[in-house]
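The values are calculated or read from the model by the stated rules, or taken from the named source; none is laboratory data. This structure is a prediction, so every number in the text was calculated from the model and none was measured. Methodologically, a virtual Cβ is constructed for each residue, glycine included, from the backbone with ideal geometry; neighbour enumeration extends over all protein chains shown. The accessibility values were calculated without ligands, DNA or RNA, using every heavy atom of the protein model including side chains. Shrake-Rupley method; radii C 1.70, N 1.55, O 1.52, S 1.80 Å.
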Amino acid sequence: MASPRRTLHSEIRRALRLLGVAQERVIDVHFPAHGVIGLLINKSYEQDLRSLLKTAKVKTNDEFNPISESTIGDTKWRENSVEERTTYAKLLYQERILAICLRMHKSHLGFAILRYFNKLEESDHHYIGDAYLAKFEEKHPKPARHPRPMLVSTEDSEMHE
C-alpha cells in the first residue's frame, strides 16, 4: 500500500479497521520504504485482505521489492554502487523483519514467522538467512525441557516385582 506522507501505525490500524480488516489478522504494520506501507499477515488471510482493499479502491504494489536498492532513503548511500546498495537494502530488510519478530509478545510466533521466510527459496526477495534464526534464538532461547520424574508409588512397584 502507498502512503503519500509520514503516517502513524495507529492511523493505519484505524484505517484498516474502517475498511473491515480483521485487526487480529494483521500481525504488524511497517514502513519498508518512503511512501510504502507494509502489512505482515498470515498467508491464509491474503486473498480476503486483497478483496477488502480492492473493494475500498486501495491500490497495492505487488511489484514492490523490499531488497531493491531503491528502497534506501539514506543519502549517504547514493554514491555507492548498485550492488552495494542492494546488499545494504537486503540487510535492512532482514534486520527489520528480525526486529518485528523480536518485539512480539509471543516469541513462538516470531520464530514461526522467521522460519517461514527462511524456508523460502534464496532467490525469493523475502528470504531470511539462517543467521537471523540464530540471532532470534540467541535473544529468545527455547526453554530447557526437563524430563518429568516417573511418579510411581512404592506399593505399585512392589506389586510388579
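Summary table
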| read-out | value |
| --- | --- |
| The chain - accessible surface per residue (Å², probe 1.4 Å) | 74 Å² |
| Base-10 log of normalised Debye intensity for the stretch 18-126 (one unit scatterer per alpha-carbon) at q = 0.20, 0.21, 0.22 Å⁻¹ | -1.20, -1.27, -1.34 |
| Sequence of 74, 48, 28 when ordered by accessible area, the most exposed leading, probe 1.4 angstrom | 48, 74, 28 |
| Sparse-neighbourhood loop sites, trypsin sites (Lys or Arg not before Pro) in the stretch 5-72 - DSSP loop, at most 12 other Cβ within 10 angstrom | 5, 6, 57, 59 |
| Under-5 Å amide H pairs with residue 31, H placed in peptide plane, nonlocal only | 38 |
| In degrees, nearest ten, helix 46-55 long axis to first principal axis of the chain (Cα) | 30 degrees |
| R0 of 22 Å, Cβ-Cβ distance residue 51-residue 27: FRET efficiency to nearest 0.05 | 0.75 |
| Note, ³J(HN,Hα) from phi for the stretch 108-113, Karplus 6.51, -1.76, 1.60, rounded to Hz, x at Gly and Pro | 5, 5, x, 5, 4, 5 |
| FRET efficiency for residue 79 and residue 36, using Cβ-Cβ distance with R0 set to 25 Å, rounded to 0.05 | 0.60 |
| Of 76/139; 43/135; 106/135; 90/135; 90/139; 43/142, those spanning more than 28 Å from alpha-carbon to alpha-carbon | 76/139 |
| Where 29, 82 fall by accessible area, highest first, once all protein chains stay in place (1.4 Å) | 82, 29 |
| J(HN,Hα) series, the stretch 59-67, from Karplus relation 6.51 cos²θ - 1.76 cosθ + 1.60, nearest Hz, glycine and proline x | 7, 10, 10, 6, 8, 4, 10, x, 10 |
| Approximate spin-label separation residue 123-residue 14, in nm, with each point projected 7 Å along Cα-to-Cβ | 4.5 nm |
